Amino acid sequence: MATVKRTAIAGGYFLELGNNSIEVFSIASDGSGMLKRVDDIQGTIRKITEDAGIERDYNMSFRQHVARLIHHINNKENKNHNRT
């Protein structure tokens, strides 16, 4: 089975949802593009969720929530890109 990863960039973070893992990296603010793994994944996801203006649905698993967040961020980015 092929590995499928969903990714998004939001608020200075790179989110990656793989088949078996959720990873969050902070993006260096100096423009180098260096990534540093974030230890507090749940806290960071909570902050990004608040910044994105969506609410956490506690009927979903955390994994489903992250997938929904990534989908929301990418759809928002695509809409902004299509307007220009």
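Taking the criterion of being without any contact (Cβ under 8 Å) to a residue 24 or more places away in the chain and under 9 Å from the mean Cα position of the chain (by Cα), the residues of the range 1-22 that qualify are F14, E16. Residues in the range 43-84 that are over 14 Å from I9 (Cα atoms) and in contact with a strand residue (DSSP E or B) (Cβ under 9 Å, 6 or more places away or on another chain): 2 in all.
In the range 36-45, the condition of being of a type outside the set (F, W, Y) and in contact with a Lys or Arg (Cβ under 8 Å, 6 or more places away or on another chain) is met by no residue.
Within the range 12-38, the set of residues being among the charged types (D, E, K, R) and within 20 Å of Q64 (Cα to Cα) comprises E16, E23.
Here, each number is a calculation from the coordinates, and none is a lab measurement. Just so you know, these numbers come straight off a predicted model, no measurement behind them. Reconstructed Cβ throughout: ideal geometry from the backbone, glycine too, with neighbour counts over all protein chains shown.
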